[in-house]
Amino acid sequence: MGGFQKKIYDSLPYPFKVILLNIKGYLNVKQRYTKEFESYLQEHIKLWDASPEDVTNFQKNKLAMLLSEVLEYSKWYSSIMQDLGITIEEIKKDPMGVLKKMPILEKAQRKDEVESIVNTKRETVMVGHTSGTSGAPTIDYLDRDSINVSFAIWKRFHRVIGVTRKSKQVRLSGRLIVDAKAKKPPFWVYNYFEKQLLMSTYHLTSSGLQHYVNKLNKFKPELIDGYPSAIYVISMYINKNDIKLDFVPKAIAVTSETLYDYQRTEIEKAFDCHVFNQYASNEGSPFITECVNGNLHLNLDSGVFEFVNINGESAKPGEIAKLIVTSYINLKTPLIRYDIGDTVLLPAENEKCSCDCSMPIVKKIIGREDDILWTEEKGYVVSADTGYKGLSGITQGQIIQESPKEITINLVIEDGFDERMKEKLLTNFRDRLGENVEYTVNILDNIPLGPNEKFDAVKRNFDLEF
């Protein structure tokens, strides 16, 4: 939902929230399930188990199209490419060679220069906002093709793991879908048109978890997807209390955070089904998705992946590598050699998957180290950095929880952040973390990096007792 729609939604009583969300669900279905989407879906289904040669040819053609468009229609990229002497003829002849000439696109550039980065050939049909793992709000312009292709590849992932369009689904994400101050259920809203039960991740209190389990038993979803930290909290409650569920999902798919091994173990024990990991971003990065054999495949039909080690060199097999991505699924706000700030563990040399997909694999997704916070009022809280959404003037943000009643928010700011914006920030965090917490906002020149030179967007400095 856009900012104005969200304000209306948040102010409504629960029954009207249900109505408004289902109107949005109906519009989503009309917007997403189009002839163009179906065409893209069938194309990418075929590419999943296509030969390496067919995938390479598809990549080459898509990259040539992307580079040709940005040369002509993106002010940012056009200036760079003209300075490098890149021509349409060179792009057509050797798109991969041209790509290697391009400089790295940094996060700050993606955020600050978005108006000149956009591809003016393509019409904007949606404007999104993401807080990002650094806490810096970012605008994302989307055209119709970008939406269709991204949705098609996501639905292909569902198809690979055995989930259909008609499957009943539960989603646990960072959206405030019910009143933030609600003490009693329902902590969820049902989207009839997409057969999707949206469950709040801001009401996972000790007294509320049984209500979540009761609702899951009644709804009996075939797919549970969303933040692994939220699903993990529910799973711990199920396992700790020896609860036997009345259903077994076909799959659990997690995204938006790092999936830790201890979380996977706990979730699979609670729900008795496999947890499938996936990697994407609201900015439109290429996909990495897990197959039925448990391997993480680079979806080469969604973009180009480059791997750089800690020395800034091309990473070797078995090394931890930073991702540099070029996306085929965000054509309105192009990402070309984008340093997305996430890392992966590369497999040993010649390690391949025995499933039908020939696309290469990575061993592990290491990036996005979101943490679980806990307050007496809200219980377990995941992805609290959604509290930055809708704000301006923030370059970087960090949340540090010293105790259940003490939270520090460190900010690096620029023009646009004033007392009014600070009050909105505090309102957002009170909604997500509770009123009975002492909040301290520090304005800093810079936020120091944590261990291994990683930025810690969320830190909890005390142990959780579940």
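Here's the list of aspartates and glutamates a cross-link from residue 422 could span, going by alpha-carbon distance under 18 Å and ignoring same-chain residues fewer than 8 apart: 385, 406, 414, 431, 435, 438, 445. Computed from the Cβ-Cβ distance with R0 of 41 Å, the FRET efficiency linking residue 376 to residue 159 stands at 0.45.
With the cut-off at 1.5 for a/c, could you classify segment 110-202 from its C-alpha gyration tensor as rounded, prolate or oblate? Taking the square roots of the gyration eigenvalues as a ≥ b ≥ c, segment 110-202 is oblate. Taking amide H as placed 1.01 Å from N in the peptide plane, the amide H of residue 105 sits under 5 Å from that of 338, 339, each at least 5 places away or on another chain. Straightening the chain between residue 245 and residue 446 buys 67.6 nm, computed as 0.36 nm per residue apart minus the Cα-Cα spacing.
Across segment 145-151, computed HN-Hα scalar couplings (Karplus, 6.51 cos²θ - 1.76 cosθ + 1.60, θ = phi - 60°) run 4, 4, 5, 5, 5, 4, 5 Hz from first to last residue, x flagging Gly and Pro. I want to check the label-to-label distance for residue 126 and residue 75. Put each point 7 Å from Cα in the C-beta direction and report it in nm to one decimal. In this crude spin-label approximation the distance works out to 2.6 nm.
Considering helices alone, the calculated mean residue ellipticity of the chain at 222 nm is -11000 deg cm²/dmol, with DSSP H runs of length four and up weighted by -39500 (n - 2.57) and normalised per residue. Heavy-atom accessible area, probed at 1.4 angstrom with all protein chains present, ranks 227, 26, 33 as 26, 33, 227, highest first. DSSP beta bridges confined to the chain are antiparallel in about 65 percent of cases. Approximating the spin labels as points 7 Å out from Cα along Cα→Cβ, the residue 435-to-residue 211 distance works out to 1.7 nm.
The label point for residue 14 and the one for residue 28, both projected 7 Å from the Cα toward the Cβ, are 2.1 nm apart.
Legend: distances between Cα atoms for 100/316; 30/195; 17/389; every pair falls at or below 24 Å. Would any residue of segment 284-302 have its amide N under 15 Å from a label point 7 Å out along Cα→Cβ of residue 167? List them or say none. Once the point is set 7 Å along Cα→Cβ of residue 167, 289-294 turn out to lie under 15 Å by backbone N, inside segment 284-302. Sites listed here are chymotrypsin sites (Phe, Trp or Tyr not before Pro) in segment 45-133 whose DSSP assignment is loop and whose Cβ has at most 12 other Cβ atoms within 10 Å, and the list is empty.
If a spin label sat at a point 7 angstrom from the Cα of residue 65 along the line to its beta carbon, the backbone N atoms of segment 83-108 nearer than 15 Å would be those of 92.
Applying 1/(1 + (r/R0)^6) with R0 = 35 Å to the Cβ-Cβ distance of residue 83 and residue 313 gives a FRET efficiency near 0.90.
The values are calculated or read from the model by the stated rules, or taken from the named source; none is laboratory data. Keep in mind it's a predicted model, so treat the numbers as computed, not measured. Heads up, the Cβs are rebuilt from the backbone with ideal geometry, glycines too, and the neighbour counts pull from every protein chain shown. The accessibility values were calculated without ligands, DNA or RNA, using every heavy atom of the protein model including side chains. Shrake-Rupley method; radii C 1.70, N 1.55, O 1.52, S 1.80 Å.
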